Amino acid sequence: MSITSHIDLIGLQRISEAVGTTLKQMREYAQPGMTTKELDDYGGRILAAFGAKSAPRLTYGFPGWTCISVNNEVAHGIPSVRKVLQPGDLVNIDVSAEMGGYWADNGGSFVLGPDIHQHQPLVDASRQILRIALSRIRGGVRIADIGGLIEGEARKAGFRVIKNLVGHGIGRSLHEEPTEIPCFYDRYNRKRFQKNSVVAIETFISTRATLAHSLSDGWTMATKDGSFVAQHEHTIVITDGQPLILTEANCIWE
């Protein structure tokens with residue numbers, strides 16, 4: 001969507017605060033021995049307290065309030081009573097929701113407890129690459145160039161990017177134009193970022209794999225070769241200068 005009024009901005013700020021705060025508090029609440037279902041139910045209660053509705057549940061009938069992916073899972077992990085978090089797990093939480101007709105999306109990966117499997121460099125790279133990408137986004141910049149920047153920064157850090165999971169426009173629904181904001185240079189993508197538009201920018205930084213594959217549950221996407229992937233995501237408003245980061249309440253850079 002394109003912001004056309006102060007009312008639009010206030011609505012987007014409110015739902016972005018809801019999803020950002022939910023992500024932050026879920027990250028702080030997570031602990032070894034907890035099931036991902038327990039963690040998701042906690043997130044669901046926070047969203048409800050804000051008056052927000054889970055976007056994946058509302059839009060797709062997803063069997064959870066949030067998406068929680070663990071270790072080789074990349075995205076859209078289903079919260080489960082059978083999935084128990086362990087020390088050193090690489091955990092990704094993706095929280096998106098609707099409130100008052102406005103939508104926002106954010107996500108972040110983190111290591112649970114001590115980094116016994118050495119995942120922290122991957123997490124740090126994903127987080128820092130998102131920071132760099134956002135610093136370059138403004139009205140008129142080619143989407144493909146930001147994808148190339150993300151891919152190049154990942155390569156410099158010794159990693160790769162997932163090419164079939166992308167950022168997207170957002171605002172009046174969960175997925176809007178531009179429908180694809182990839183983590184790589186797509187020479188066929190001629191679109192440019194538009195001032196005052198709202199987008200969700202995501203990094204999917206991988207140890208080896210470049211594709212995520214759907215599992216038999218019909219939702220979860222994972223690597224086939226045992227690769228690990230870290231993702232970070234902010235919903236932003238594009239300006240002529242530095243973007244307005246709507247989901248800063250998630251504190252993913254702290």
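The values are calculated or read from the model by the stated rules, or taken from the named source; none is laboratory data. Bear in mind the structure is a predicted one, so any value in this text is a computation, not a measurement. FYI the Cβ positions are ideal-geometry reconstructions off the backbone, even for glycines, and counts take in every protein chain you see. Just the protein is used for accessible areas: all its heavy atoms, side chains included, with ligands, DNA and RNA removed. Shrake-Rupley method; radii C 1.70, N 1.55, O 1.52, S 1.80 Å.
A few comments on the model shown:
- Number of the condition not met by Ser16 [criteria: (1) of a type in the set (S, T, N, Q); (2) open to solvent by less than 20 Å² (accessible area, probe 1.4 Å); (3) closer than 27 Å to Thr223 by Cα]: (3)
- Flag if Thr4 is under 15 Å from Ile170 (Cβ atoms) and polar (S, T, N, Q): no
- Looking only at residues in the stretch 24-75 that are among the basic types (Lys, Arg) and either out of contact with any Ser or Thr (no Cβ under 7 Å at 6 or more places or on another chain) or in a strand (DSSP E or B) (or both), the one that is surrounded by the most Cβ atoms within 10 Å (Cβ to Cβ) is Lys24.
- Residues of the stretch 194-211 that are of a type in the set (Ser, Thr, Tyr) and either closer than 11 Å to Arg160 by Cα or at pLDDT below 95 (or both): Thr203, Ser206, Thr207, Thr210.
- Residue under evaluation Ser109, criteria (1) surrounded by 15 or more Cβ atoms within 10 Å (Cβ to Cβ); (2) touching a Phe, Trp or Tyr at 6+ places or on another chain (Cβ under 8 Å); (3) under 24 Å from His175 (Cβ atoms), criterion not met: (2)
- Residue match in the stretch 242-250 (condition: closer than 21 Å to Pro79 by Cα, at pLDDT 95 or above and polar (S, T, N, Q)): yes
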